[in-house]
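See below for the structure under consideration.
The values are calculated or read from the model by the stated rules, or taken from the named source; none is laboratory data. Everything quoted here is computed from the prediction, not taken from an experiment. Cβ placement follows ideal geometry from the backbone for every residue including glycine, while neighbour counts extend to all protein chains displayed. Surface areas here come from the heavy atoms of the whole protein model, side chains and all, with no ligands, DNA or RNA. Shrake-Rupley method; radii C 1.70, N 1.55, O 1.52, S 1.80 Å.
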Amino acid sequence: MISDGRKVKIALRSLQRAMGMDVTSYKGIKVGDKVKDINEQCMHFGSIGVVTEVETLPENSGYLIHYTVENDGPSYSPGMTLKKTEDQLEKLQ
């Protein structure tokens, strides 16, 4: 069962998207930004891509960043969509 607070957050996020408003993570990552996986323990370490979605995690526990990969690596290739928590990513200039 979804809590009332969660329902409100889902509705707000849907409304923001419908109005064309971007959701921005704590690190300032938003749709259209270029990011790099900086987590050395992650199999996608070094992947670089463009953010396609910033998803709010349940109970304000952070953000899940969706991005489309632009470079090649041992476990990723251009066009793949990856999802990482924002602490694993660095926003590139």
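So here's what we get for this one:
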| quantity | calculated |
| --- | --- |
| Residue in region 40-56 that is modelled with the lowest pLDDT, counting only those that are among the aliphatic types (A, V, I, L, M) and touching a strand residue (DSSP E or B) at 6+ places or on another chain (Cβ under 6 Å) | 54 |
| Of residues in region 46-68 being free of Cβ contacts under 8 Å to residues at least 24 places away in the same chain and hydrophobic (A, V, I, L, M, F, W, C), the one nearest to residue 29 (Cα to Cα) | 51 |
| Per-region count, region 56-69, residues part of a loop (DSSP other than H, G, I, E, B) and open to solvent by 30 Å² or more (accessible area, probe 1.4 Å) | 2 |
| Lone qualifier among 72, 22 - being open to solvent by 40 Å² or more (accessible area, probe 1.4 Å) and at pLDDT below 90 | 22 |
